[in-house]
Amino acid sequence: METTSRVGAQPPAAEGGQQLPSARRTVDGYLLAPFPWYGLDEAFTGPRWLMQVGTAADGAVEHGSIGHGDEPSVRGEALAAGESREKFAVVVTVAEHPSRRSADGTGLLEATSVSSAAWLAGVGLLSFTWPGQMDHTLRDDWLDQQTETAWALADDLDGSEWSTLSLPVDGVAVPFHYRESEFGWVLAGTTGSGVHLGAYGRGMSAYGLGFSVVKDVAAYA
């Protein structure tokens, strides 16, 4: 899937509670999407926050992520004594598109699929992780290798690395492809509403999650 990402970590508010311009730019990307955004359903009552929007080569919004729970920091696999593990789940919404010509007519944009959602979720989990014994200078090499592995796994959703997990989407049970690793879990499925869903997390069980359309994405900014 040929996309570029606009990374927008949640910025602080200005004095008086006004959002800084970077916060408005972040939510603007979400508001430009011609498809519905998904997050955890009302059973989740913790914090929610915007993360990033991805665009196609022609500038159209293709996907984005919404976080739930603790805002994750980069973690190694080993935690310091007495340190609590972060609890978070990130929901990735991917527009469902066939292969199509770009808006300027110069090329083709790749089709999106459940595999697209699985890959974005897998790479998302990796972005907050590296083995605790690894030197920081080797992290880029490790990420490159693990990104290739995430792509191979996403391209083989019927393989032995994946199991099936049924979770509610807008109140209806939907089958998801699901896998776990020492760094967390990843899942991917489709809604039948014009988008594919991916999700990843750590410290929160995937088995009790449910997904629903976000009614007002601006409220998360």
Once label points are set 7 Å from the Cα along Cα→Cβ at both SER160 and LEU32, what is their separation, rounded to one decimal in nm? 4.5
Pseudo-spin-label distance ASP170 to ALA60, built 7 Å along Cα→Cβ, given in nm, is 2.0
In nm, the gap between the two label points placed 7 Å beyond Cα toward Cβ at SER73 and VAL213 is 3.8
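Summarise the accessible area of the stretch 138-199 (1.4 Å probe, protein heavy atoms) by the percent that is carbon and sulfur.
Working: 1500 of 3190 Å².
So the carbon and sulfur contribution to the accessible surface is 47 percent.
The values are calculated or read from the model by the stated rules, or taken from the named source; none is laboratory data. Not measured: the values here are computed from a predicted model. In this analysis, Cβ positions are derived from the backbone assuming ideal geometry, glycine residues included, and neighbour counts consider all displayed protein chains. To get the accessible areas, we keep the full protein, side chains included, count just its heavy atoms, and leave off ligands, DNA and RNA. Shrake-Rupley method; radii C 1.70, N 1.55, O 1.52, S 1.80 Å.
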